[in-house]
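The block underneath contains the structure these notes are about, expressed in structure tokens.
Just so it is clear, none of the values below were taken in a lab; they were calculated from the coordinates. Since the model is a prediction, treat every value here as computed from it, not as a measurement. Methodologically, a virtual Cβ is constructed for each residue, glycine included, from the backbone with ideal geometry; neighbour enumeration extends over all protein chains shown.
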Amino acid sequence: MEEKNTRFEDLRLTPGQPLQLDFEGYTTERDRSVLIGYRAGQSIVVTTPLVNGSPMVLKLGAPLAVRLFATQMNCACAFRTEITHISRAPYPHLHLAMPSSLVLGEVRSSVRAKVSLITSVHYGENFSQKCSAIIKDLSLGGARLEAKMLPVEVGENVQLTAQVAVSGIERIIKLDAIVRAITKETGGVGVGLQFQAMSDSDRITLHAYVLSNIHRQ
């Protein structure tokens, strides 16, 4: 990722944009939040993350990192900021200082994220056969999955359907792929896949999902 002189408002984000907040010294996992709105040059307003159903207890001036996937620019974005105001009414929300700089970048197609994602694999003539498998690692260019049984051959076309969660939002993705490798695994088979052309919406969702899982590693 590369630091650029892009302004926050240039991202053209809309209310409801999923965010990941990383508070220094508070948690080891990134907390989910949603963009409420912003005013250029003033502040960014976001929902306060919940812990066991209650708003996080935070302090004014607390530093944090914000990460998101900017759909309009088709890129990942991260920046550092701090809390400038905390409110519990009419609902828990935070004001964050406008960042002085943003870090923008693409996830390389070869970068793989370790996952454990259930998927339906459609194969055979007209993709009329179906079985379940688990995607073990995933990138923008392909995946490796494991199944108890998947009677396919190298070079064969298959289709994957999976439900992924990106910052708390569930989406269904459908991906066309070519079988590139088959290996015997304990209790089943491992299959290496190369993705083919996909819709813009599936590419954006896959991009965001891979990014979020790389951050967890």
Of VAL189, VAL166, VAL66, the one that fluctuates the most in a GNM where the chain has Cα springs shorter than 10 Å: VAL189
For the range 110-213, alpha-carbon Rg and Dmax in angstrom: 12.8, 36
Euclidean distance between Cα centres, the range 57-101 to the range 113-188, Å: 36 Å
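Just add up the charged neighbours of ARG171: K/R +1, D/E -1, any other residue whose Cβ is under 14 Å from the Cβ of ARG171.
Numbers: positive: LYS174, ARG203; negative: GLU170, ASP200, ASP202.
Result for the neighbourhood of ARG171: -1.
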Computed over the chain, Cα set: Rg, Dmax in Å: 20.0, 61
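Helix-derived [θ] at 222 nm for the chain: sum -39500 (n - 2.57) over DSSP H runs of at least 4, divide by residue count, nearest 500? Provide the component values of the computation, followed by the final result.
Working: 1 runs with 17 residues, N = 217.
So the calculated ellipticity at 222 nm is -2500 deg cm²/dmol.
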Neighbourhood charge, 14 Å Cβ-Cβ cut-off, centred on THR186 and excluding it, Lys, Arg +1 and Asp, Glu -1: +1
For GLU185, residues with placed amide H under 5 Å, excluding near neighbours: GLY190
Relative contact order for the range 113-216, counting Cα pairs under 8 Å that sit 6 or more residues apart, in percent: 26 percent
Lysine pair count for the chain [Cα-Cα under 30 Å; pairs on different chains or 8 or more apart]: 16
The chain: relative contact order as a whole-number percent, Cα under 8 Å and 6+ apart: 16 percent
Selected from ALA76, ALA181, ALA133 as most flexible by GNM, with the chain as the system and alpha-carbon contacts under 10 Å: ALA181
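Looking at the range 110-217, which trypsin sites (Lys or Arg not before Pro) are DSSP coil and have at most 16 other C-beta atoms within 10 Å of their C-beta?
Numbers: sites: ARG112, LYS114, LYS130, LYS136, ARG144, LYS148, ARG171, LYS174, ARG180, LYS184, ARG203, ARG216; in loops: ARG112, LYS148.
When the trypsin sites (Lys or Arg not before Pro) of the range 110-217 are filtered for loop state and at most 16 Cβ neighbours within 10 Å, LYS148 remain.
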0 to 90° range, to nearest 10: angle between helix 200-216 axis and the chain longest Cα axis: 70 degrees
Computed log₁₀ I(q)/I(0) - Debye formula, equal Cα scatterers, no solvent, the range 85-167, q 0.22 Å⁻¹: -1.11
Estimated D of the range 42-125 in µm² per second, where Rh is the Kirkwood radius over Cα pairs and Stokes-Einstein applies at 20 °C, 1.002 mPa s: 134 µm²/s
Gaussian network model of the chain, springs between alpha carbon atoms under 10 Å - residue of THR48, THR183, THR119 with greatest fluctuation: THR183
